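To start, the structure itself, in structure tokens.
The values are calculated or read from the model by the stated rules, or taken from the named source; none is laboratory data. Just so it is clear, the model here is predicted, and its values are computed rather than measured. Note that each Cβ is placed from the backbone with ideal geometry, even for glycine, and that neighbours are counted across all protein chains shown. Please note that ligands, DNA and RNA were not included when accessible areas were found on the heavy atoms of the full protein model with its side chains. Shrake-Rupley method; radii C 1.70, N 1.55, O 1.52, S 1.80 Å.
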Amino acid sequence: MKLTNEKVVVCGAGGFIGGHLVKALQNNGVNVVRAVDVKPLEEWYQKSKDVENLVLDLRDKENCYKAAKGTQVVFQLAADMGGMGFIENNKALCMLSVLTNTHMLMAARDSGVERFFYSSSACVYNGDKQKTPDVVPLKEEDAYPALPEDGYGWEKLFSERMCRHFEEDFGLQTRVARYHNVYGPFGTYDGGREKAPAAICRKVIQAKISGKHEIEIWGDGHQTRSFMYVDDCTKGTQAILESDIHEPINLGSNELVTINQLVDIVEEIAGVKLKRTYKLDAPKGVNGRNSDNTKILKYLGWEPSIRLRDGMRKTYEWIESQMLATVAR
Ligand code: NAD
């Protein structure tokens with residue numbers, strides 16, 4: 001399937017990836033008719049004038065029918081989520097996203113939607129395979145036997161399976177991507193829901209502004225991750241929706257770095273060197289995680305490839321502009 005005239009709704013469009021996805025789809029000529037989020041419009045990171053922007057709580061079933069009405073394609077990204085600091089301390093809230101996913105699937109099925117995209121996460125992977133920083137990249141089958149991230153990861157794994165069974169039992173075409181750490185401008189960088197790349201940018205900028213050249217790092221800094229720039233994420237999301245990939249697939253970069261190396265990159269961009277302290281009891285997630293991209297390369301002949309250094313520069317510059325604007329106010 002190649003998206004042409006199909007009417008598309010993006011759920012979670014007031015958020016980081018959803019906001020970028022609306023713009024990217026529009027740039028590709030896709031007919032995005034509706035964007036939905038629970039947040040008041042003034043809190044959306046990005047909004048498009050050319051679509052119907054609806055503020056709806058998608059945990060509510062009736063609202064899901066309003067969101068899906070008259071569309072042929074649903075991108076379901078709405079979720080109550082954040083970085084490790086949020087998901088380790090709000091497991092029930094994370095799991096309540098099951099209402100959003102369940103009701104959106106039912107609304108899509110009953111409204112004649114042709115394709116349904118669901119944004120799952122690398123947090124579905126078995127924790128036993130992520131115990132050491134020199135991790136073997138995670139293949140899709142490593143989600144089972146199931147031992148996902150408590151709370152958030154269990155909900156994602158459950159909703160993935162619901163997508164599978166809605167396709168098998170009701171014929172709704174579902175596509176599932178497992179996103180690995182997405183970063184970029186127009187996302188959360190403070191308040192408790194931010195993830196490592198944005199949090200590190202914020203801390204380095206704060207150190208620069210205050211002249212106090214110190215940084216606190218969560219964990220020992222040796223934990224490893226890969227980070228995907230948001231433009232790769234939106235490109236892969238559309239490609240997976242259009243593809244014939246019926247089972248969950250990794251969508252992530254495989255450029256592995258330690259958190260210390262990520263801090264090195266941000267310091268270099270900022271032109272500072274900071275004294276590091278390590279908060280060993282802070283939420284830090286698994287010790288190591290990387291994406292095995294064999295499958296996506298096989299199916300799409302493509303994998304996320306924007307270099308971390310390049311994406312982090314754009315992210316840093318946006319966060320700095322936001323913080324300097326706040327300071328100036
Ligand atoms: P985000 O928090 O910026 O966006 C999610 C949006 O969903 C928010 O704007 C939020 O207001 C909205 N939302 C929450 N509850 C809602 C409800 N009941 N009704 C309507 N809208 C609601 O997060 P994001 O980083 O853009 O993530 C988008 C999706 O990708 C999520 O499903 C997330 O779990 C998944 N994901 C993200 C990452 C990442 O690194 N950012 C990694 C793996 C998976």
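Using a 1.4 angstrom probe, figure out how much accessible area the chain has per residue, in square angstrom, rounded to the nearest whole. Mind showing how you got there, number by number?
Numbers: 14230 Å² over 329 residues.
Dividing the accessible area of the chain by its residue count gives 43 Å².
How large is the dipole of the range 214-329 about the Cα centre if only Lys and Arg carry +1 and Asp and Glu carry -1, each at its Cβ, rounded to the nearest 20 debye?
Approximately 240 debye in magnitude.
Once all Cα-Cα distances of the range 16-88 are split into 10 Å bins that start at 0, what whole-number percent is in each one?
Computed distribution, short to long bins: 17, 52, 26, 5.
Using the basic label-point model (7 angstrom from Cα toward the beta carbon), what is the Asp150 to Asp310 distance in nanometres?
According to this spin-label approximation, the distance is 4.1 nm.
When only DSSP loop residues count, what trypsin sites (Lys or Arg not before Pro) in the range 70-142 have their Cβ near at most 16 other Cβ atoms within 10 Å? Write out the running numbers ahead of the final one.
Working: sites: Lys91, Arg109, Arg115, Lys129, Lys131, Lys139; in loops: Lys131, Lys139.
When the trypsin sites (Lys or Arg not before Pro) of the range 70-142 are filtered for loop state and at most 16 Cβ neighbours within 10 Å, Lys131, Lys139 remain.
Can you run phi through the Karplus equation (6.51, -1.76, 1.60; θ = phi - 60°) for the range 168-184 and list ³J(HN,Hα) in whole Hz, with x for Gly and Pro?
Along the range 168-184, the couplings run 5, 8, 10, x, 6, 6, 10, 10, 10, 10, 9, 6, 10, 5, 9, 9, x Hz.
Holding the Cα-Cα limit at 24 Å, pick out from Lys91/Lys298; Lys131/Lys279; Lys129/Lys235; Lys39/Lys212; Lys23/Lys273 the pairs that are longer than that.
Violating the 24 Å limit, Cα to Cα: Lys91/Lys298; Lys129/Lys235; Lys39/Lys212; Lys23/Lys273.
Just to be sure I understand: of the beta bridges DSSP finds with both ends in the chain, what percent are antiparallel, rounded to 5?
The answer is about 10 percent antiparallel.
May I ask for the percentage of alpha-carbon pairs in the range 59-208 that lie more than 20 Å from each other?
54
How much net charge surrounds Glu160 when only the other residues with a Cβ under 10 Å from the Cβ of Glu160 are counted, with Lys and Arg +1 and Asp and Glu -1? Mind dumping the intermediate values first?
Details: positive: Lys156, Arg161, Arg164, Arg178; negative: Glu155, Glu247.
Within the 10 Å Cβ shell, the charges total +2.
Could you give the spread of the C-alpha atoms of the range 227-280 along their three principal axes, from largest to smallest, in whole angstroms?
Principal axes ranked by extent give 49, 26, 15 Å for the Cα atoms.
How large, in percent, is the carbon and sulfur part of the accessible surface of the range 1-109 at a probe radius of 1.4 Å?
Carbon plus sulfur share of accessible area: 51 percent.
Which value in Å does the Kirkwood hydrodynamic radius of the range 246-329 take, with 1/r averaged over all unlike C-alpha pairs and then inverted?
The Cα-based Kirkwood calculation yields 15.9 Å.
If you bin the C-alpha pair distances of the chain every 20 Å from 0, what whole percents do you get?
33, 59, 8, 0
Can you give the FRET efficiency to the nearest 0.05 for Glu141 and Asp264, using r as the Cβ-Cβ distance and R₀ = 41 Å?
Efficiency at R0 = 41 Å is approximately 0.75.
Using the charge dipole of the chain (Lys, Arg: +1 at Cβ; Asp, Glu: -1 at Cβ; taken about the Cα centre), state which of Gly112, Ile240, Thr102 has its Cα farthest towards the positive end.
It is Ile240.
If you line up the Cα atoms of the range 127-272 on their principal axes, what length do they span on each, largest first, in Å?
60, 31, 26
Taking the dipole about the Cα centre of the chain, with the C-beta of Lys and Arg at +1 and of Asp and Glu at -1, give me whichever of Ala35, Ile209, Thr258 is farthest to the positive side.
Checking the options against the dipole of the chain, the answer is Ile209.
As I understand it, the dipole of the range 51-94 uses +1 on the Cβ of Lys and Arg and -1 on the Cβ of Asp and Glu, about the Cα centre. Which of Ile87, Val73, Asn53 lies farthest toward its positive end?
Value: Val73.
Which residue, Ser48, Ser210, Ser226, has the most motion in a Gaussian network model of the chain that connects Cα atoms within less than 10 Å?
Among Ser48, Ser210, Ser226, the largest mean-square fluctuation in the Gaussian network model of the chain belongs to Ser210.
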